[in-house]
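Engineer: Here it is, the structure in full.
The values are calculated or read from the model by the stated rules, or taken from the named source; none is laboratory data. Just so it is clear, the structure is predicted and the values come from calculations on it, not from any experiment. Backbone-built Cβ (ideal geometry, glycine too); neighbour counts: all protein chains shown.
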Amino acid sequence: MSNTIVVGAQWGDEGKGKIVDYLTENTDVVVRAAGGNNAGHTVINGGQKYILHLIPSGILWEGKTCVIGNGVVMDPLGLLEEMAKLRAQGVKITSENLLISETCHLVMPYHKGLDKAREAKRGAKKIGTTGRGIGPAYADKVERGGLRAVLLTQPEILESELRERIIMHNETLRAAGVDEVPLEETVVEILAAAAVLAPHITNTAVYCHEAIKAGKSLLFEGAQGTYLDIDHGTYPFVTSSNTTSGGACTGSGVPPRMIDKVVAVGKAYTTRVGSGPFVTENEDIGDMLHNMGREYGATTGRARRCGWLDAVLVRYAVMINGADELAITNLDGLDGLDTVQICTAYKLRGKIIHYPPSTVADLEACEPIYETHQGWKMDLSQIKNFADLPDLAKAYLKRVEELTGARISLLGIGPSREQTLVA
Ligand code: GDP
Ligand code: IMO
Ligand code: MG
């Protein structure tokens, strides 16, 4: 029995889905504890590509239980769509293998409208959200005006609470010049979704504790990444939840003392979707990766911004998350390069710093200090054992360990399940 948290060490899309899928073989329960369907986790296995948004990627394994924890904001209509897509791909989803916390908050159609309205109002300062209503749903939760999943099992209360909220939020949408949510149609749609989802709703904190007592292992599937964390990220260009390891505990009801390990997932380079500072951003790396057909968002299809590996960010992420191990993905993305750079520190107004500063203004003023490594110039994607990697790739990874203070335990050299090497 061992409970492990998997988090993203950068700005999301590090390959958490793939790493969680790999680790699920030796776990019993996979838990999502934060975020919503802003997440897009890609798993490629048996020639099929699966994209998961709200459902933990453990669902792709038979005999595992998946939990959507209390820290998640759950869009019932989005969830039904995701369930339908996965079922069409042959994935079994039942009220036995997918449990939803009764206290997770619901994302409603008006949250999406509000998300759109707020982004439009921000103009040039827009965050570049996924448009999934995540910020407004968490705002309602914190403001204590949200609707929780337990209401999906209480249709009469749900209906009256929902009507009240739609009328109230429509006033804001109207004032912002954004389409209002059709009252009757939305009520019918949400009540229909409630009837389908009700059997999945339960006290998932109790479920997790009973599973632990029975000797089962839990795996917490992080969503987003450390620098999208509402507290530790590049605020305000962040998401609205705690995406770091502490969020796995508050978002599930499993306390810190029951966590055995934290694995931080990071790409061998850096990407970001949406606006905000990005010290090592590099257009040439972006062009190279986009020309290879890589680095397009799994949720919105947007081209991701790309740059060199920023060890300053990963070092701080290792610290904030208490990561014991690093899983480095997409090493194969650097295969063709003559030289590979790593940012080891920043220069901020003449001073060398080794941790990221807290404000956007300071981050934007930082210059990266690079160290250049010779490229391995070889296709890594078919390698079967870590020991068989070329020495230059091993040297690059060793340097990443030195710079970040965490041991690399897993390595991704391609998108599919078997392209994962144990270090
Ligand atoms: P997540 O949100 O952290 O789960 O990551 P995404 O699925 O959004 O983005 C990661 C992308 O990299 C996806 O397209 C994955 O299929 C792909 N990927 C993950 N690991 C590797 C790897 O080691 N090599 C390659 N080539 N692709 C990978
Ligand atoms: P996964 O789990 C990458 C980004 C958005 C935007 C900011 C706020 O796949 O790693 P939001 O819709 O959450 O209010 O948007 O956060 N963002 C992600 N970027 N991967 C994600 O999830 C993301 N989820 C949100 O692009 O910049
Ligand atoms: Mg993603």
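Engineer: Considering only residues that are over 18 Å from residue 106 (Cα atoms), more than 24 Å from the chain's Cα centre (by Cα) and surrounded by 15 or more Cβ atoms within 10 Å (Cβ to Cβ), which ones fall in the stretch 177-208?
Structural biologist: 178, 180
Engineer: Only strands (runs of 3 or more DSSP E) wholly contained in the stretch 270-334 count here; list those with 1 or more residues that are over 27 Å from residue 418 (Cβ atoms) and modelled with pLDDT of 95 or more.
Structural biologist: Here the list reads 270-272, 305-307.
Engineer: OK, next. Can you tell me which of 53, 105 is out of contact with any strand residue (DSSP E or B) (no Cβ under 7 Å at 6 or more places or on another chain) and either over 26 Å from residue 265 (Cα atoms) or not hydrophobic (A, V, I, L, M, F, W, C) (or both)?
Structural biologist: Of the residues listed, the single one that is out of contact with any strand residue (DSSP E or B) (no Cβ under 7 Å at 6 or more places or on another chain) and either over 26 Å from residue 265 (Cα atoms) or not hydrophobic (A, V, I, L, M, F, W, C) (or both) is 53.
Engineer: What number goes with the only condition from (1) outside the structural domain of residue 59 (by TED's automatic domain parsing); (2) within 30 Å of residue 123 (Cα to Cα); (3) in contact (Cβ under 8 Å) with a residue 40 or more places away in the chain that residue 193 does not pass?
Structural biologist: (2) is the only condition that residue 193 fails.
Engineer: Ok, one more. What are the residues in the stretch 256-289 that are within 16 Å of ligand 3 (Cβ to nearest atom), of a type outside the set (A, V, I, L, M, F, W, C) and on the phi < 0 side of the Ramachandran plot, if any?
Structural biologist: 266, 267, 269, 270, 271, 272
Engineer: Small (Gly, Ala, Ser), out of contact with any Asp or Glu (no Cβ under 6 Å at 6 or more places or on another chain) and either part of a helix (DSSP H, G or I) or without any contact (Cβ under 8 Å) to a residue 24 or more places away in the chain (or both): does that describe residue 128?
Structural biologist: No, not satisfied.
Engineer: Would you be able to say whether some residue in the stretch 234-252 is in contact (Cβ under 8 Å) with a residue 24 or more places away in the chain, assigned to a loop (DSSP other than H, G, I, E, B) and more than 18 Å from the chain's Cα centre (by Cα)?
Structural biologist: no
Engineer: Can you tell me how many residues within the stretch 280-322 are in contact with a helix residue (DSSP H, G or I) (Cβ under 9 Å, 6 or more places away or on another chain), within 16 Å of ligand 2 (Cβ to nearest atom) and touching a residue at least 12 places away in the same chain (Cβ under 8 Å)?
Structural biologist: Count: 13.
Engineer: To continue, here is another question. Can you tell me which of 60, 99, 77 is within 16 Å of ligand 1 (Cβ to nearest atom) and modelled with pLDDT of 95 or more?
Structural biologist: Only one candidate passes the filter, namely 60.
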